[in-house]
Amino acid sequence: MELPMHRDASRSAPRMRQWYFPVTSLLLLALTLIGFGDNLVTDVGQPSNRDPKFIVHGLLCGAWMIALLAQSMLVSRGNVRLHRRLGVGAFVIAIGVTLSTIWVFVMVWKGWAVMTPEVKANRLLLPSFSLFVGLACLARRRPDWHKRLIFTGTLFMLEPVLARTYDPLIVPLMDGMTEAQIDAAFVPTLLAAWLSFFASLFVYDAMVIRRIHPVTIVALLWFIAVWVTVQLV
């Protein structure tokens, strides 16, 4: 079903089509660098920086975010040929992200019962990332499906990034709040930030294609289902 479009929105749709994915990809990369800035700059001597599983995982996840930005910029500039050539490398990185994340999960496993809700959600969203990126590979000749599967798959892996940005970006704005209040605001803030990316994709669909794409809908419903599940088990 098509959505009604205001005249001003119609005029801005071409700019949205060209720049939405590069801008959001740049934002995701920036949040990644901020969230893991201690590993990269301010506390390079921490134990995790000497742990092979965290080093490999961090490098691969960072490489995925860089590839996401590079690939979206190539499409924005109309260089589809190079985008396709580099896509093979990007999918290899995605496989590495999946395997390295499994490695980390196995090595740090202490039992489902002791996990917080966001950690439980992260465990379920890893296969979701892998599934969506795999489907994107199969749908590479359908650009509208391909780019949304890549993007929403990336959103599924955001928990560590958003969790790590809470202290440097959000906590300084909570001056006067108690530690208990700051802790209580963590999960709601995490979910609000996470859902804002899905909401932006809904806006993109409404402005550019005048309907909500099936991938956008399914990805959000699956994300909600995962969070409902971790609250119940």
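The values are calculated or read from the model by the stated rules, or taken from the named source; none is laboratory data. Every value quoted in this text rests on a predicted model; they were computed, and no experiment measured them. Heads up, the Cβs are rebuilt from the backbone with ideal geometry, glycines too, and the neighbour counts pull from every protein chain shown.
Within region 186-233, restricting attention to residues that are among the β-branched types (V, I, T) and not in a helix (DSSP H, G or I), which residue is surrounded by the fewest Cβ atoms within 10 Å (Cβ to Cβ)?
V233
Name the single residue that is surrounded by the fewest Cβ atoms within 10 Å (Cβ to Cβ) among those in region 95-140 being charged (D, E, K, R) and within 20 Å of V233 (Cα to Cα).
Once the filter is applied, the top-ranked residue is K110.
Applying the selection to region 194-219, what residues are touching a Ser or Thr at 6+ places or on another chain (Cβ under 8 Å) and at pLDDT 95 or above?
F197, F198, S200, L201, F202, D205, V215, T216, A219
Those residues that are more than 21 Å from F36 (Cβ to Cβ) and outside any helix (DSSP H, G or I), I need them from region 156-185; list them, please.
M174, D175, G176, M177, T178, A185
Which residue pairs have Cβ atoms under 7 Å apart, sit 6 or more places apart or on different chains, and have a first residue in region 119-142 that is in contact (Cβ under 8 Å) with a residue 60 or more places away in the chain and among the hydrophobic types (A, V, I, L, M, F, W, C) and a second that is outside any helix (DSSP H, G or I) and buried (at least 21 other Cβ atoms within 10 Å of the Cβ)?
Note: pairs meeting the criteria are L125/M157.
Please pick out the residue among R164, R140, R148 that is basic (K, R) and over 16 Å from the mean Cα position of the chain (by Cα).
Testing whether each residue is basic (K, R) and over 16 Å from the mean Cα position of the chain (by Cα) leaves just R140.
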